[in-house]
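The values are calculated or read from the model by the stated rules, or taken from the named source; none is laboratory data. Owing to the predicted nature of the structure, the values given are computational and were not obtained by experimental measurement. Every residue, glycine as well, gets a Cβ built from its backbone with ideal geometry; the counts of neighbours run over all protein chains shown.
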Amino acid sequence: MNYLDYLIPLLQLLCMNVILAASLNVINGYCGLFSIGHAGFFAIGAYAAAAGSKLLMPEFAAAQPALALIACVMIGAAAAGLAGLVVGIPCLRLTGDYLAIATVGFGEIIRIVLLNTEAVGASRGFPGIVLLTGKWFPLWVLLFTVGSLYFIHRLMRSSTGRAILSIREDEIAARSMGINVRFYKTFAFVVGAFFAGLSGGFFAHHSQFIHPSNFNFMISVMVLLMIVVGGMGSQMGAVLGAIIVTLLPEALRFSETLSSIRMLIFGLIMILVVLWQPQGLMGFYRKLFATRKAEHA
Amino acid sequence: MSALLDIAALTIRFGGLVAVNRVDIKIEKGELVGLIGPNGAGKTTCFNMLTGVYEPTSGTICLEGKNINGLAPHQICSKGVARTFQNIRLFKSMTVLENLLVSLHRERGYSLAEALFGLGRFGKREQEMRTKAMEILRMLGLDHRAHLPASSLPYGEQRKVEIARALATSPKLLLLDEPAAGMNPSETAQLAKDIQKIRKDFDITVLLIEHDMSLVMKICERIYVLDYGQLIAQGKPEEIKRDPRVIEAYLGGGLGGEQHA
């Protein structure tokens, strides 16, 4: 048995989840908006990229697989970003629970629309997506994952990032200090959607067959779990959370009972984290670090 | 030349309640003006209309002769009106310096692309913004706190950070909403000095809401008094102190001064 055949797709999936978690972290963690419709943007990215590579530029994909792959995932990201803009403008008037409900609705609408769109295979799914770049594909995934993390990191270290954070901290004060709150909320939402779409583009090429059921509500919940476990508002936390939530089901594989109740385990983890460590792993780490420092002082 | 701030017949209704009723306030450049009144008189509501949080039902607010009615808060901020909040509203988990940098966002002077790649004007402008923020902190004696989370500061210093953050927006008019609330007498005395120093150093006009009469009477050149949304008196501190309507509003009237506390 070749372990690489198991390991490489798993690591690819991990990379996609890292991008997803980091992108949701921009919306939920940094901007303080409560969005749980991330599967919707993921789906739009996947379908747009798949349509790009299979319907829009099949010849180009055959001739220049690397360029075509980049073009397709960027199409997916752009489509998701655009969807983020269209959804964000009306929905971001809502706050808190109401926004959460609206985003759940959005995610479901996307799934149901895809389920009924003949052009992308409707309920039969979208088959025959060519794995562009073949054996080099994992490297492209890794490159774009690192790139996404880097750009989100740079964004949050800039004035724009501070504007986004200030909205989470205190919206009214942010507004009075000259921050265009509605603009930056929408901006954060679009950035999150864009990277979720990017992840979706890779997912489509990775699985080569996508179906609306790949993008159900559980995916949104899973991504939320990643950032909750890792610690909201921390990029490192998002990465750690993605690793844990992606690898845990693999660790449970040895037991059929455990892996069949993995959703229960996820639920339990979420409850325990929220009860005992609402700041997630990164919050735990910071607390540990702070106590150490205090002991030294 | 028109006044820096000219409020005419400012009125706001919440349903049947007239919270502020036909208030006129005129402030010249460089003045330090107080706005006082019993609890619920409509002082903070006035501030909220001035900063665009509420839209007045009627009346006009002119800043340097230009109507700023109906503008969004961030637009009013860019016209040169900054404020502090009665109940402190700092960006708690951000550092003191970052709190000020948020206010400097408007003048960042670099594009998103430059920020993402760390190229062009990004590094230089960020440095300049930090220098400017540090300078403001130094003037208020907060520079040693710059890298601490805002929420970790003692209460009095948090109030000062609020003022510093408002100053970082480069305002022409600074609105202070009860800056001395919760301060002890020595802190209040220090605050009085700070406010006068700020006005001089930053060359700005200050409108101050305050309950602490010692502070208001000491530093304000003119005072407006609100009661139940109406302007009941205005004038120099000595005149206000003697004004029977003001005394009545504060101490209750109708009993000819025989009321016991």
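General remarks:
- Strands (runs of 3 or more DSSP E) contained entirely in region B:31-136, each with at least 2 residues that are closer than 18 Å to B:THR205 by Cα and within 11 Å of chain A (Cβ to nearest Cβ): B:81-83
- One residue alone among A:GLY231, A:GLY241 is surrounded by 23 or more Cβ atoms within 10 Å (Cβ to Cβ), away from chain B (no Cβ under 14 Å), within 27 Å of A:LEU272 (Cα to Cα) and touching a residue at least 12 places away in the same chain (Cβ under 8 Å), and that residue is A:GLY241.
Every residue, every condition in (1) touching a helix residue (DSSP H, G or I) at 6+ places or on another chain (Cβ under 9 Å); (2) within 23 Å of A:PHE151 (Cβ to Cβ), yes or no:
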{"residue": "B:ASN67", "(1), (2)": "no, no"}
{"residue": "B:ALA72", "(1), (2)": "yes, no"}
{"residue": "B:ILE76", "(1), (2)": "yes, no"}
{"residue": "B:GLY80", "(1), (2)": "no, no"}
{"residue": "B:LEU112", "(1), (2)": "yes, yes"}
{"residue": "B:ARG121", "(1), (2)": "yes, yes"}
{"residue": "B:PRO149", "(1), (2)": "yes, no"}
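- The number of residues in region A:148-179 being without any contact (Cβ under 8 Å) to a residue 12 or more places away in the chain and among the polar types (S, T, N, Q) comes to 3.
- Single residue of A:GLY192, A:GLY128, A:GLY200 found to be away from chain B (no Cβ under 14 Å), surrounded by 17 or more Cβ atoms within 10 Å (Cβ to Cβ) and farther than 18 Å from A:LEU13 by Cα: A:GLY192
- Residue list for region A:81-95, restricted to those being in a helix (DSSP H, G or I) and in contact with a Ser or Thr (Cβ under 9 Å, 6 or more places away or on another chain): A:GLY84, A:LEU85, A:VAL87, A:GLY88, A:ILE89, A:CYS91
- Single match in B:ILE204, B:ILE209 (criterion: closer than 22 Å to B:GLU64 by Cα, surrounded by 15 or more Cβ atoms within 10 Å (Cβ to Cβ) and touching an Asp or Glu at 6+ places or on another chain (Cβ under 9 Å)): B:ILE209
- Taken across region B:12-35, residues that are touching a Pro at 6+ places or on another chain (Cβ under 6 Å) and under 15 Å from B:ASP227 (Cα atoms) do occur, with at least one present.
- Filtered by the rule that a residue be closer than 16 Å to B:ALA3 by Cβ and touching a helix residue (DSSP H, G or I) at 6+ places or on another chain (Cβ under 7 Å), region B:22-46 gives B:VAL23, B:LEU32, B:LEU35.
- Only residues that are surrounded by fewer than 24 Cβ atoms within 10 Å (Cβ to Cβ) and either in contact with a Ser or Thr (Cβ under 6 Å, 6 or more places away or on another chain) or assigned to a helix (DSSP H, G or I) (or both) were counted in region A:53-80, giving 18.
- Meets criteria (within 30 Å of A:SER148 (Cβ to Cβ), within 19 Å of the chain's Cα centre (by Cα) and buried (at least 16 other Cβ atoms within 10 Å of the Cβ)) for B:VAL161: no
- Lone qualifier among A:ILE75, A:ILE152, A:ILE109 - being within 14 Å of another protein chain (Cβ to nearest Cβ), within 20 Å of the chain's Cα centre (by Cα) and not aromatic (Phe, Trp, Tyr): A:ILE152
- Residue tally, condition without any contact (Cβ under 8 Å) to a residue 24 or more places away in the chain and closer than 19 Å to A:VAL221 by Cβ, over region A:77-90: 0
- For region A:167-184, the count of residues that are buried (at least 17 other Cβ atoms within 10 Å of the Cβ), among the aromatic types (Phe, Trp, Tyr), within 14 Å of chain B (Cβ to nearest Cβ) and farther than 25 Å from A:PRO9 by Cα is at least one.
- The set of residues from region B:77-99 being charged (D, E, K, R), within 26 Å of B:LEU63 (Cβ to Cβ) and surrounded by fewer than 22 Cβ atoms within 10 Å (Cβ to Cβ) comprises B:LYS79, B:ARG89.
- Checklist (1) in contact (Cβ under 8 Å) with a residue 12 or more places away in the chain; (2) farther than 15 Å from B:PHE85 by Cβ applied to B:GLN190, failing item: (1)
- Scanning region A:125-147 for residues that are farther than 18 Å from A:PRO65 by Cα and at pLDDT 90 or above turns up A:THR145, A:VAL146, A:GLY147.
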